[in-house]
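Read-outs: derived from the displayed coordinates by stated rules, not from any lab. The model shown is predicted, which means the values in this text are computed figures rather than measured ones. Positions of Cβ are backbone-derived with ideal geometry, glycine not excepted, and every protein chain shown enters the neighbour counts.
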Amino acid sequence: MKKKHSVSLDKIIDEFNLEKIYLPKNAENIDVISADVNRPGLQLMGFFDFFDSSRIQIIGKVEYTYLITVENSKRAKSFEKLFSHKIPAIVVTRELEIFDEMLEAAQKYEIPILRTSESTSSFMSNLISWLNTYLAIRITRHGVLVEVYGEGVLLLGDSGVGKSETAMELLKRGHRLIADDAVEIKRVSNITLVGSSPGIIRHFIELRGIGIVDVRRIFGMGAVKESEKINLVIELEYWDENKTYERLGLENTTIEILGLKIPSLRIPIKPGRNLAIIIEVAAMNNRQKRFGYNAAEELNERITNDLNKAK
């Protein structure tokens, strides 16, 4: 199930070391719900069509230069109208001076005023990137997420199929665990999914017959990672003799998660198959495909060329 998230203003203040010019109440009680921000140049001139009041407002050098050219009364009206829309906060960049009219309007409408020494472009870029990650649409899937040769591999399958045991074998072979049992998946951009573990079970694996294992303590810090892009989804299932499984790999199958199509494979399980090695090869093969090389297509092309020569 998709969850819509918010972030409290105090987390933003701490993350970007913002100076608190005015806070009407505890910043942890002020929620930010939009990953977009706005430079209110048009709004300061009175144009509010399509204005999104849920965005943090940024005052930079351009807005500041305009404001010092207008009369005090006009400046006061500009801030009055802007702050009356109940914006979550306003951030002044480059340590620019705070106008008295801005402070008065902020106190009247209880709008936080913050300040940073960073340039406007740099601050906006960093803030948008951070908010996109923090506020990303997310779901939780039952599975295991591991990093194999730099590829984020999400293992899915029925409970008891061997996902955690396979992950443990991969850890012994030098790969890294991101999440076991519950994988929190965020869509951080139009092309990227990132997976992580809920904090309460981070770095733990459950092995039936043994119980809970602390991967970080047994294998060391190099065996765990906080988050990873999801590059490949592998669905593990018990071998079905009546089912036909892919043998050449010419068909590029995908699975849709949060509206994005991720390359996927369905791997059957039966005694004698070394799943860790199979997943390692799958990860490397997927990496090759992302770099533009497909072994199945190469073989198919060779066969086609040989047949053409034989005619």
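Numbers for the structure displayed
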| item | result |
| --- | --- |
| Net length gained if the chain between SER6 and ASN294 were fully extended (0.36 nm per residue, minus Cα distance) | 99.5 nm |
| Most mobile listed residue (ILE218, ILE210, ILE178) in the chain, GNM with C-alpha springs under 10 Å | ILE210 |
| Long-range HN-HN contacts of ILE30 with modeled amide H, under 5 Å | LEU9, ASP10 |
| Estimated dipole of the chain in Debye, rounded to 20 [Cβ of Lys and Arg +1, of Asp and Glu -1, Cα centre] | 460 |
| Helix axis angle, 72-83 relative to the chain longest principal axis, alpha carbon, degrees | 30 |
| Partner lysines for LYS229 [C-alpha distance under 27 Å; skip if fewer than 8 residues away on the same chain] | LYS2, LYS3, LYS4, LYS11, LYS163, LYS172, LYS186, LYS261, LYS289 |
| For ALA76, net neighbour charge (Lys/Arg +1, Asp/Glu -1) across residues whose Cβ lies under 14 Å away | 0 |
| Candidate aspartates and glutamates for bridging to LYS81, where Cα separation is under 17 Å - those fewer than 8 sequence places away on the same chain excluded | ASP49, ASP52, GLU63, GLU71, ASP100, GLU101, GLU104, GLU110 |
| Space enclosed by the convex hull of the alpha-carbon atoms of the chain, per residue, Å³ | 201 |
| For segment 141-253, alpha-carbon Rg over 2.2 N^0.38 Å | 1.10 |
| Dipole magnitude (debye, nearest 20) for segment 137-298, charges at Cβ of Lys, Arg, Asp, Glu | 420 |
| Cut-off 17 Å, label 7 Å out along Cα→Cβ of ASN17, residues of segment 95-110 by amide N | 95-96 |
| Fluctuation leader among GLU101, GLU297, GLU19 - the chain, Gaussian network, Cα springs under 10 angstrom | GLU297 |
| P(r) of segment 12-163 over all Cα-Cα pairs, binned every 10 Å from zero, in whole percent | 10, 35, 27, 10, 10, 6, 1, 0 |
| Table column - 3J(HN,Hα) (Hz), segment 253-261, Karplus curve with 6.51, -1.76, 1.60, x for Gly and Pro | 8, 9, 10, 9, 10, 6, x, 10, 9 |
| Computed helical MRE - 222 nm, the chain, DSSP H runs ≥ 4 contributing -39500 (n - 2.57), nearest 500 | -10000 deg cm²/dmol |
| Residue among GLU256, GLU165, GLU235 with the largest mean-square fluctuation in a Gaussian network model of the chain, springs linking Cα atoms under 10 Å | GLU256 |
| Evaluated at q = 0.19 Å⁻¹: base-10 log I(q)/I(0), Debye formula over Cα of segment 17-102 | -0.91 |
| Normalised alpha carbon radius of gyration of segment 186-306 [divisor 2.2 N^0.38 Å] | 1.30 |
